[in-house]
Amino acid sequence: MIYKDQVLAVEPTGIEPVGEVSRHGRARDLFGVWFSANAEIATWMVGVFIAALFGADLRSATLGIIIGNILGFSILGVLATIGPRYGVPQMVASRLAFGKRGNSAPAALSFLAGVGWFTINTIFGAYALQTIAHFGYGVALGIMLVLQIALAVYGYNLIGVFERACAVLLAAGFVLLGALTLPHASWVPSPAPLQGFMFAAALAFAYAMGWVPCASDYSRYLPRDTNPRAIWWYAFAGCALPCIAIEVLGAAAVTASHVNLRTSVPTDAIAQLLGSGIVAKAVLITVVLGTLTANCMNLYSGALAALVAFDLRLSRAHAALAVGALGAILALWGSHPSQTAEFYTNFLLLLSYWASPWAGVVLVDLWQSGTSGRDPQRVPAWRPGTLAWVLGVAASVPFWNQAWFTGPFAHAFPQYGDLSYYVGLVVGALVMGAMKPRRPAAVVEGTQHA
């Protein structure tokens, strides 16, 4: 079967390169895909936590949110440009820097991140559906799981159409939330604006880095000659614009409300802010829709990462079912709202501890060696990127600053927030650059797997 642009056909391609006959789409399609994936309530909760948990005032939070998102999603845009060149998922392409065996650990962590995001967002969506329709938690959870898993099983084309179709509805829902929040927000500066800025930038960057390991998953079907600059701009803007706007709205909601959002889950926070009328229900519908748009991609990319990490002899669709089942089991834990909010915060901060050094290594490898003449399907077991990544992660540990672990530097200088993301990124990149890996011999284009 030639998959090409068929929407109601199960995608047959797994982690092997997309054949030329199946290539289709335009760079601008990436904007709608990434916009809908990030126009979700988990993005809003990033802003809520920046202000509620870390005490950032709205001015400091806004500046930190803008800078963190620009830095993080600039990296995503760069990695999205390699999708059309190789036609493979991001965690396959990273074999070029890590080698086939060396790449297994980052791929496994990417799989765990996908499952974690899928679980957390499913819980949030189930709460919203439960509030709207007055279902029990189990029924609401079951409905959300079926819809999300179906989208992931059908795969790339159906996900793309669904994401682009939902973009306008999601934008409208958050505009409504903003119209009710911003007029009451307080822009009064806090006594410690630097600390609030540092935490806001770190948390926004952490959220962005959570998407980076699947950057090329959604560009790999584009024709090989698609303009890389267009890919970068549409992927970057599709991520950065909704994240900046919605995270600022989350921070504004804290300053606009006299209620305690510190340990609230999204539905509780919305109820405290908007009550239970028609406006609140409209926003909760946005929560449900945003859960679907984000989670079908979390599940899809998580399944691809699982195939890479564990060398599974499963089809992509079967891997999506298996990963969805795992997420469903974990989501049963979500019936405890306060625990969910606490876990979400800590999990979000953990994401970039491995992803930032990984991104630094992959970026330097791309800069040093380019894309021509390389085949991620034909690499040695180990490449220098593995050591650079390990050293990048190790260098970041003293700077970790979150509830589960506080490193010695972060403990001594809490006013600087969590610098580990930046340290890991820079150290991983510098070590990779210092190794100057020899460029592999060119591979004849016609010998690549189709």
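The values are calculated or read from the model by the stated rules, or taken from the named source; none is laboratory data. What you see is a predicted model; the values in this text were computed from it and never measured. Because the Cβ atoms are built from the backbone with ideal geometry, glycine has one as well, and the counts that use them run over all protein chains shown.
Quick notes
- Residues within region 355-369 that are out of contact with any Phe, Trp or Tyr (no Cβ under 7 Å at 6 or more places or on another chain) and among the β-branched types (Val, Ile, Thr), tallied: 2
- Residues located in region 176-192, provided they are assigned to a loop (DSSP other than H, G, I, E, B) and at pLDDT 85 or above: Ala185, Ser186, Trp187, Val188, Pro189
- Check on Val153, surrounded by fewer than 24 Cβ atoms within 10 Å (Cβ to Cβ), of a type in the set (A, V, I, L, M, F, W, C) and either modelled with pLDDT of 95 or more or farther than 25 Å from Val46 by Cβ (or both): yes
Per-residue answers, yes or no, for (1) under 23 Å from Ala319 (Cα atoms); (2) at pLDDT below 95:
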| residue | (1), (2) |
| --- | --- |
| Gln6 | yes, yes |
| Asp29 | no, no |
| Asn38 | no, no |
| Met91 | yes, no |
| Phe98 | no, no |
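- Condition met for Ala185 (over 30 Å from Gly25 (Cα atoms) and in contact with a helix residue (DSSP H, G or I) (Cβ under 6 Å, 6 or more places away or on another chain)): yes
- Test: residue in region 76-99 that is more than 20 Å from Leu419 (Cβ to Cβ), in contact with a Pro (Cβ under 6 Å, 6 or more places away or on another chain) and surrounded by fewer than 22 Cβ atoms within 10 Å (Cβ to Cβ): yes
- Checking Val48, Val139, Val92 one by one, the residue that is part of a helix (DSSP H, G or I) and under 24 Å from Glu247 (Cα atoms) is Val48 and no other.
- Candidate set from region 13-23 (those that are closer than 28 Å to Ala167 by Cα and over 24 Å from the mean Cα position of the chain (by Cα)); member that is surrounded by the fewest Cβ atoms within 10 Å (Cβ to Cβ): Arg23
- Which listed residue is in a helix (DSSP H, G or I), touching an Asp or Glu at 6+ places or on another chain (Cβ under 9 Å) and modelled with pLDDT of 95 or more, from Gly72, Gly68, Gly64: Gly68
- Verdict on Leu203 being over 30 Å from Gln130 (Cα atoms), part of a helix (DSSP H, G or I) and either in contact with a strand residue (DSSP E or B) (Cβ under 8 Å, 6 or more places away or on another chain) or touching a residue at least 24 places away in the same chain (Cβ under 8 Å) (or both): no
- Members of region 217-239 that are in contact with a Ser or Thr (Cβ under 8 Å, 6 or more places away or on another chain), part of a helix (DSSP H, G or I) and surrounded by 22 or more Cβ atoms within 10 Å (Cβ to Cβ): Asp217, Ile231, Ala235, Phe236
- Boolean, Thr43 is of a type in the set (Ser, Thr, Tyr) and either touching a Ser or Thr at 6+ places or on another chain (Cβ under 8 Å) or under 30 Å from Leu312 (Cβ atoms) (or both): no
- Taking each residue of region 87-112 that is aromatic (Phe, Trp, Tyr) and looking for partners that are surrounded by fewer than 24 Cβ atoms within 10 Å (Cβ to Cβ) and outside any helix (DSSP H, G or I) with beta-carbon atoms closer than 9 Å, six or more apart or interchain, yields Phe98/Val379; Phe98/Trp382; Phe98/Pro384.
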